[in-house]
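The values are calculated or read from the model by the stated rules, or taken from the named source; none is laboratory data. The structure presented is a predicted model; accordingly, all values stated were derived computationally and were not measured. Reconstructed Cβ throughout: ideal geometry from the backbone, glycine too, with neighbour counts over all protein chains shown.
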Amino acid sequence: MMPQHHLPADIERTSMKIIAGELAQRGLDIPPENAPVVKRVIHTTADFDYAQTLHFTPGAVAAGIAAMHAGATIITDTNMALAGITKPGLAKLGGQALCFMADPPRRGRHAQGCGRIPRRRAGRGQRPHRPADDCREN
């Protein structure tokens, strides 16, 4: 019989032990630098396939940790991901987490003359807007 826990930290610790055991049973050896990320993804999704399908650029995890310690802003594309970020811990590092999915649409900015060109008009000899483009007041 599995022990019953009532504190979230106890539940998480037990879950991570179960995940580590399952990975070992499957013969999956995750590089130590990437293991915490892979285990967190498996914990969140309950999908062990991520142990074989997640691929990391060398040094990516260390760079992400360094960025958070430098007070980076994390921008997510879903409110669910935003809810899963420990914001008090991130704030202690000087960072913040944001998601703009619930913000009002920004379509009106084009009509206000910011210079963005919707992709549907790009084929008419106009350059499409790229995510890195920015509309600034001059």
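Scanning region 67-83 for residues that are in a loop (DSSP other than H, G, I, E, B) and either exposed (fewer than 12 other Cβ atoms within 10 Å of the Cβ) or acidic (Asp, Glu) (or both) turns up Ala70, Asp77, Thr78.
Within region 84-93, one or more residues are of a type in the set (Gly, Ala, Ser), surrounded by 11 or more Cβ atoms within 10 Å (Cβ to Cβ) and assigned to a helix (DSSP H, G or I). Of the candidates Asp29, Asp77, Asp10, the single residue that is among the acidic types (Asp, Glu), under 26 Å from Asp103 (Cα atoms) and modelled with pLDDT under 95 is Asp77.
Tallying residues that are part of a helix (DSSP H, G or I) and aromatic (Phe, Trp, Tyr) within region 10-66 yields 1.
In region 65-74, the condition of being within 23 Å of Glu33 (Cα to Cα), out of contact with any Gly (no Cβ under 9 Å at 6 or more places or on another chain) and at pLDDT 50 or above is met by at least one residue.
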